[in-house]
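FYI, it's all coordinate maths here, none of it is from the lab. Keep in mind the model is a prediction, meaning the values are calculated, not measured. For neighbour counting, all protein chains shown are included, and Cβ atoms are generated from backbone atoms with ideal geometry for every residue, glycine included.
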Amino acid sequence: MADKKRVFVAGHHGMVGSAIVRQLQNDPSIELVLCARAELDLVNQQAVGEFFAREAIDQVYLAAAKVGGIVANNTYPADFIYENLMIEANIIHAAHSAGVQQLLFLGSSCIYPKFAEQPMAEGALLTGVLEPTNEPYAIAKIAGIKLCESYNRQYGRDYRSVMPTNLYGENDNFHPENSHVIPALMRRFHEAKLAGDAEVVVWGSGNPMREFLHVDDMAAASVHVMNLSGEVYQSCTEPMLSHINVGTGEDCTIRELAETMARVVGFEGEIVFDSSKPDGTPRKLMDVSRLADLGWRYSISLEQGLKSTYAWFLENQDSFRG
C-alpha cells in the first residue's frame, strides 16, 4: 500500500468523476481517495485545506462542479459562478499547499466565445463575448484554467486542464428541467413513448449544431492527458494557453440528435420544434487536433453511446423520478 499512488477524484459521484473512477479502479498502482459531499464540502475552504493536509494526496482529478442546462444556468447564475469558483479555488490552492504536484482540471467547451470560429481551437479563449445563457459558469471555468496556469508559472506545479465538449452517459442528470440536452430528450422521448403521445416538443429550431462525447471516452482522455510526460504535454501547449480540447471533432444538428434519440428510445410519434425557445450558441465544434497530436481519439459513436446510456437509464430510472 505504501508504494501506491494516492489519487483524489473530486466529484466522484458525478457523471465525469464516476467515469474516471471506473477508469482508475482496476489499476493496481493506484489507491483511490474518494469523499462524499456529506463528508467534505468542497465550497468550504477550511474543510478542503484540512482534508489535503491529512490525506497525503499524490494526484488530483478535479471533476467536481455545479452543472446544468440552459434553464438551470439562467435561473441560478449566482449559484453557478460562486460554487464553481469556490470549488476549484479551494481544491487547487489546498493541493498546492499540501505539495501535490499533479492535478487535472476539467472545464467545459462553453469557455469559448459565442461566435468563435468553428471548429473552436484552444487559441479562441478570451477572444470574444461568451454565450449569455451560461456566462457565469463559463467565467468560473476560465478562472480554473488560469488558476492552474498561475500555480504552474509561480510555483512550478504540473496542473493541467482539459475542456470537454458536451458530455453524456451513465450517471447523467435526468431532471426534467435542469438537465442537459441528451438526458432531457431521452427522458422526454421515453415518457412520451410510455404515454403513447403523438408528438414530442423539442426546444428551439433544431438547427444549432452540437458535438457530443460519451463520458467513458472523456474519462479515458483525462487519464491519457494526466499520464503524459511533462515534456510531451509542454510540447503541445503554452504556459498561458495550456488547456486541451477533448471531443470527437464531429457534430450534428439538434434535429438529427432528436431523430436519433427517437430511434434509440423507440418513440414513433412526431417531433415538433418550438422556435420560441432559445437555441443557445449556433454551433459548438471542438478542434481536437492538439489532443490527436498527443495520441488520443474517441472510440464510442453517438448512436452506440445513446444506446448504452438508455440501457443504463432504464435500469436506474427509479432513482431519479420526480
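Brief remarks on what is shown
- For segment 251-301, applying the loop criterion from DSSP together with a ceiling of 15 other beta carbons within 10 Å to the GluC sites (Glu not before Pro) yields GLU268.
- Segment ARG263..ASN173, full-extension length gain: 30.3 nm, with 0.36 nm per residue of separation and the alpha-carbon distance subtracted.
- Under 5 Å, built H, 5+ apart or other chain: amide partners of SER161: PHE105, ILE244
- The GluC sites (Glu not before Pro) found in segment 28-123 that occupy coil by DSSP, while having at most 16 further C-beta atoms within 10 Å, are GLU39, GLU117.
- 0 to 90° range, to nearest 10: angle between helix 254-265 axis and the chain longest Cα axis: 80
- Helix axis angle, 181-195 relative to the chain longest principal axis, alpha carbon, degrees: 40
- C-alpha long axis of helix 77-97 to longest principal axis of the chain, angle in °: 30
- Annotation: extensible slack from ARG54 through ARG37 equals 4.4 nm (criterion: 0.36 nm per residue apart, minus Cα-Cα distance).
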